Amino acid sequence: MALTAAVEAPPRAVSARHFARLKLRITANSFRGQPWRIGLFVLGLFFGFCYAAGGFLAAAAPGLAGSPDAALIVAALGGGVIALAWTLLPLLFFGVDETIDPARFALLPLDRRTLVTGLTAAALIGVPAAATLLATAGLVLSAAALGGAGALLVEALGVLLGLLLCVAVSRAVTSAFATMLRSRRMRDLAAVLLAVTAGLVGPLQIAVSRAASDTDWRRLLPVAEVVGWTPFGAPYSAGFDVAAGRAGAAAGKLLVTVAAILLLLWWWSRSLESAMVGAASAGTGKAPAREPGTPVAALFPRALAWVPRNRFGAVLAREVRYWWRDARRRANLITIAVAALFVSAMVNFGSQIWGAPATAGDVSASPGTFTLSMLFVGSLAAATLANQFGYDGTAYAADVTAGVPGRVELGARAAAFSVYVLPLVLAIAVAIGLLVGEPGWIPLAIGTLVATFGCGLACNSLTSVLGAYALPETSNPFALNSGAGMARGFLSLLCLVATVVLASPMLLGALLAGDVWLWLALPVGLLYGAGAAVLGSVVAGDVLERRMPELLIAITPRR
Amino acid sequence: MVLRGLAKRFDHKVAVAGVDLDVPAGSFYGLLGPNGAGKTTTLSMAVGLLRPDHGQAWVLGNDVWADPVAAKRLFGVLPDGVRLFDRLSGAELLAYHGLLRGMDPAVVDQRARELLDVLALADAGRTLVVDYSAGMKKKIGLACALLHAPRLLVLDEPFEAVDPVAAALIRDILQRYVAGGGTVIFSSHVMEVVERLCSHVAILAEGAIKRVGTIDEVRAGRSLEEVFVAVVGGRTATGEELAWL
C-alpha cells in the first residue's frame, strides 16, 4: 500500500445540515430495538405539545381579550421565564443529552464558525425548541389582535429571535461550565437539585395558581416593563410596543436582542475549545487522606458501630453507605421525601388549599382522615424499595458468588432503608400532628405510619425480587423513567395498593375503636409494622434463594 | 473444577453448546477464545451467576447448582463486565466481601491491610472505587477474590486494560498461589500471557471447545497463535484492498 502524498480534492465544506442530520440519526437510532422508547418519546411529545398548546393559549389570551397591559406582562415575564429556564435547565441535564456535547467533535478539523452554526442547528431540532416556538407563537397572535399587521411582523421576528437567544444562552452557559459539569461530584449535586425540584413541582403549581387568582396583576406592570428591556424579555415584548405605537422602542428592543445573540455566540465560540478538550475530572483534586482505622471499621458508619460484624451487618452497612453515596438512590430518596410530605399535607389540608382561604386553626380533621393520610404517606415512603436490586445492577453478583442467604439480604436491605426513612416518616407524623392542631394524635400517627411502613417494606421486598428491572447505565439519575412504562407502573401501583390493604386494620381501628385507639395505636402499630417487615423478609427471602441468577439477569442493563 | 455438558442459549443465539472441561487441581488453566466465543458465559455458569439450560458443574467435588452454599465457599471469582460496589472505598469494599463470607472481622482486617499494601492500593485511601483507574479496579477485584483464601480462583479477563507493572504484580501473585497448591482458571484472548503462565489450555470458539490439553499438547510444536488462528479461522491479512492507505 502506498500512502498517497496529497489529498485528491479539497475537502468539501461541512454545513449545518450535517449536524442536523447527525442529531436526527442519533435520535432515531436510540429507539432501535426498544419499541417502548418510541412510546415514551411519543408520550413526551404529547405532553410537550399539551404544555406548549397551553402556553400558546395563555400567551394569546390577553391580546385577544384586548388588554394591552396584560399582554405586555405575559410577554415580558413569560418570555423571561422561558429564557431563564433555557439557561438553567440544561445545566442540570448536561450529562444527559449526548447529541450536543461538543467534546465529541474535539478530534475533527472543524473551525469554530462551522461548529457554532452546526451545534445551534442541532439544538434547534428537538422537542424543547419546538415546544418553545409553539408556546411563544401565541404571543404573535396576541400582538396581531392588538396592533394589526405591523405588530404581527415585529412580534414574529421577535419570537424567532427569542428562540435563537434561548438556544444561544443555553449553549454558551453549558459550554462555559462544561469542564466543571463533567465531574462526577457536580453531576451528583445536580441530581440532588433535580430531585428536590421534581418533588416540588406539585406544590409549586398549586402555589402559583393560588397566587395567580389572588394577587392584583396590575402591580406587575412596572416590573414587566423593566424586564421587557432586558435581553430575556426584549424580543417578546417588541411587538406590543408597536401595537402601542412606540415603534422606536420596538426597534431598540430588537437591536438589544440581536446584540445579545451575537455576544452569546461569540462567548460560546471562545469557550468551545476549552469545553471540547477539558478532561473529566475524577473526584477531588486534593490528595485523599489515608484510610483511618481498620477496613472493617471503615465500612460501618459511626452511627452503626453497634451492629454485629456478620453478614447481616455487612449488607446493612453497605446499603446505608449506598443510599447516601449513590446519586440515583439519593435522588429518589429526596424525591420521595418531598412527595410524601406534600401528599400528607394535601390530604389533611385539602379544603384549605383548594377552597377559600380558611382562618387559621379552622381545620376539620377526624382520626379517620388523619389515619388515611398516614396510610398514604407510609406506603409511598416504602415505594422506593420496589426496584432496589436494579440500582445495584451487576454489582449484585458479589452477593451471589458469596452465597448470601436471601433472608439476610432482604432483611438487611430493608433495615438500611429504614435507617433513612423511618426518622423522616416520624418527623412528618409529628409535623402534621402539630399542624392539624391535635398533638394528642401524634402517637396515633406514629403507630399508623410504622405499621404501614412495615407492610410496605414487606410488599416492596417481594416486588423487588419478582419484578426487578435493569436501570440504564447513564449518568442521568432520572433515566429510570425510561423503563417499560406501562407494565412497571402497573406493578408498582399494585404494590402500593397491596400495602394499603395490608395496613387497613389500622384504619379500621381508628374508625371503630373510638378514643381508646388514640393511645392503643402506638404499640399495636409498632408491633404490626415490625411483624409485617420480618415476615415479608422471610417470605421474599425464600423466593430470592431460588431466583438469584434470574434476578441478576433481570437487573443487568443491556449493552 | 469439572464441567459437563454446559449449554446456554439466549433467545435465538446459542452462546454455549455443550462444554466439557476438567480442570486438574494445582493447574494454571487458560481458557482462550475470540470475542463472543462464550468464555464469560461458560465461567458464569460454572460459578453460579448464570443458570445453565443443561449441564452440571462441580468445584472440588461439590455440585455448584445442587449445593451452592458449600461450593461457593471454595472458590473466588473475578467476573468480567460486572461492576463492583464502586461507591465504597477500596478498604470498605474488601471489608464488605470478607464479612459477607462470614469471616472473622480481625482476620478480615489483617488480610485486607496486607492485600492493599501488596497490590499498591493503600495510597488510594478514601477514594471511592468508582474513581479508580481500570488497572486499580482489576486489582481490587482480584483482592476481593483472594480475601477468603479459596482453593480455586476463577478469573475472567484479569489482564484486560491492566498496565504492565500491575500485570507483572498480578502474575507474580497468581504464580505463588498456584505454587502453594491453589488452582487458577482464567479466560483471556491474549496469547503471550497464556503461553507464559498456563500449564493447561482450552480453546473455545462459537460455544464449543475446539482444543484442550496441556500447553505442549495443544501447541504441538507450533506457536500458540498459529494453532489458535488455525482453529478459530478468520482473516489475518488483507489482499489488495486499502490501496489508498
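Kindly indicate whether any position in the stretch B:57-70 is of a type outside the set (Lys, Arg), away from chain A (no Cβ under 12 Å), in a strand (DSSP E or B) and surrounded by fewer than 19 Cβ atoms within 10 Å (Cβ to Cβ). Yes, because at least one residue in the stretch B:57-70 is of a type outside the set (Lys, Arg), away from chain A (no Cβ under 12 Å), in a strand (DSSP E or B) and surrounded by fewer than 19 Cβ atoms within 10 Å (Cβ to Cβ).
Filtering the stretch A:396-432 to residues that are within 15 Å of residue A:341 (Cβ to Cβ), free of Cβ contacts under 8 Å to residues at least 60 places away in the same chain and surrounded by 21 or more Cβ atoms within 10 Å (Cβ to Cβ) leaves only A:429.
When A:427, A:468 are checked against the criterion of being of a type in the set (A, V, I, L, M) and assigned to a helix (DSSP H, G or I), A:427 stands alone in meeting it. Taking residue A:452 as the residue in question, decide whether it is of a type in the set (Ser, Thr, Tyr) and either surrounded by 16 or more Cβ atoms within 10 Å (Cβ to Cβ) or modelled with pLDDT of 85 or more (or both). Here the answer is yes, as residue A:452 does meet what is asked.
May I ask you to say which residue of A:245, A:239 is part of a loop (DSSP other than H, G, I, E, B), at pLDDT 70 or above and under 20 Å from residue A:68 (Cα atoms)?
Result of the check over A:245, A:239: A:245.
Here the condition is being closer than 23 Å to residue A:129 by Cα and modelled with pLDDT under 80; of A:172, A:176, it holds for A:176 alone. Is the stretch A:363-378 home to any residue that is more than 25 Å from the chain's Cα centre (by Cα), crowded, with 18+ Cβ neighbours inside 10 Å and among the small types (Gly, Ala, Ser)? Looking through the stretch A:363-378, at least one residue is more than 25 Å from the chain's Cα centre (by Cα), crowded, with 18+ Cβ neighbours inside 10 Å and among the small types (Gly, Ala, Ser).
Test of understanding: among A:256, A:277, A:315, which residue is at pLDDT 80 or above, farther than 30 Å from residue A:154 by Cβ, aliphatic (A, V, I, L, M) and out of contact with any Gly (no Cβ under 6 Å at 6 or more places or on another chain)? Reasoning before the result, please.
Details: A:256 fails: farther than 30 Å from residue A:154 by Cβ; A:277 fails: at pLDDT 80 or above.
Answer to the check: A:315.
The set of residues in the stretch B:96-123 being more than 17 Å from residue A:320 (Cα to Cα), facing chain A (nearest Cβ under 7 Å), in contact with a Lys or Arg (Cβ under 9 Å, 6 or more places away or on another chain) and not hydrophobic (A, V, I, L, M, F, W, C) consists of B:101, B:102, B:105. The one condition from (1) at negative phi; (2) surrounded by fewer than 15 Cβ atoms within 10 Å (Cβ to Cβ) that residue B:187 does not meet is (2). Within the stretch A:14-43, residues that are modelled with pLDDT under 75 sit with their Cβ atoms under 6 Å from residues that are among the basic types (Lys, Arg), at 6+ positions apart or across chains, in these pairs: A:31/A:37. Looking across the stretch A:103-134, the residues that are touching a Gly at 6+ places or on another chain (Cβ under 9 Å) and farther than 23 Å from residue A:57 by Cα come down to A:103, A:105, A:110. When you scan the stretch A:480-499, do you find a residue that is buried (at least 19 other Cβ atoms within 10 Å of the Cβ), modelled with pLDDT of 75 or more, closer than 23 Å to residue A:326 by Cβ and within 32 Å of the chain's Cα centre (by Cα), even just one? Checking the stretch A:480-499: at least one residue is buried (at least 19 other Cβ atoms within 10 Å of the Cβ), modelled with pLDDT of 75 or more, closer than 23 Å to residue A:326 by Cβ and within 32 Å of the chain's Cα centre (by Cα). Selection over the stretch B:47-56 of residues that are more than 15 Å from the chain's Cα centre (by Cα) and in a helix (DSSP H, G or I) gives a count of 0.
Every condition in (1) closer than 24 Å to residue A:299 by Cβ; (2) of a type in the set (Phe, Trp, Tyr); (3) away from every other protein chain (no Cβ under 12 Å) is met by residue B:159 except one, and the failing one is (1). Just one of (1) touching a residue at least 12 places away in the same chain (Cβ under 8 Å); (2) more than 11 Å from chain A (Cβ to nearest Cβ); (3) assigned to a loop (DSSP other than H, G, I, E, B); (4) not hydroxyl-bearing (Ser, Thr, Tyr) fails for residue B:126. It is (2). Given B:89, B:27, which one is under 30 Å from residue A:327 (Cβ atoms) and among the hydroxyl-bearing types (Ser, Thr, Tyr)? Within the list B:89, B:27, the selection yields B:89. Of the residues making up the stretch A:539-556, those that are more than 10 Å from every other protein chain (Cβ to nearest Cβ) and either exposed (fewer than 15 other Cβ atoms within 10 Å of the Cβ) or of a type in the set (D, E, K, R) (or both) number 2.
Scanning the stretch A:300-315 for residues that are in contact (Cβ under 8 Å) with a residue 12 or more places away in the chain and within 15 Å of residue B:102 (Cβ to Cβ), we see that the one that is farthest from the other protein chains (Cβ to nearest Cβ) is A:312. Being under 29 Å from residue B:210 (Cβ atoms), more than 8 Å from chain A (Cβ to nearest Cβ) and not in a loop (DSSP other than H, G, I, E, B) is the requirement here; does residue B:93 meet it? When the stated conditions are applied, residue B:93 does not pass them.
Contact map, the stretch A:106-126: first residue more than 23 Å from residue A:162 (Cβ to Cβ) and touching a residue at least 40 places away in the same chain (Cβ under 8 Å), second residue surrounded by 14 or more Cβ atoms within 10 Å (Cβ to Cβ) and among the acidic types (Asp, Glu), Cβ cut-off under 8 Å, separation 6 or more or different chains; pairs are A:112/A:273.
Among the residues making up the stretch B:129-154, those that are assigned to a loop (DSSP other than H, G, I, E, B) and without any contact (Cβ under 8 Å) to a residue 60 or more places away in the chain are B:132, B:133, B:149. Annotation note: of B:43, B:31, the sole residue that is away from chain A (no Cβ under 14 Å) and either at pLDDT below 85 or within 24 Å of residue A:402 (Cβ to Cβ) (or both) is B:31. For the stretch B:87-114, the set of residues classified as in contact with a Phe, Trp or Tyr (Cβ under 8 Å, 6 or more places away or on another chain) and touching a residue at least 24 places away in the same chain (Cβ under 8 Å) consists of B:87, B:88, B:90, B:93, listed by residue number. Regarding residue A:333, is this residue in contact (Cβ under 8 Å) with a residue 12 or more places away in the chain and at the interface with chain B (Cβ under 7 Å from one of its Cβ atoms)? Spelling it out, it is not the case that residue A:333 is in contact (Cβ under 8 Å) with a residue 12 or more places away in the chain and at the interface with chain B (Cβ under 7 Å from one of its Cβ atoms).
Looking across the stretch B:71-88, the residues that are over 12 Å from residue B:46 (Cβ atoms), among the hydrophobic types (A, V, I, L, M, F, W, C), facing another protein chain (nearest Cβ under 8 Å) and under 16 Å from the mean Cα position of the chain (by Cα) come down to B:82, B:84.
The values are calculated or read from the model by the stated rules, or taken from the named source; none is laboratory data. Model, not experiment: these values are computed from the prediction. Backbone-built Cβ (ideal geometry, glycine too); neighbour counts: all protein chains shown.
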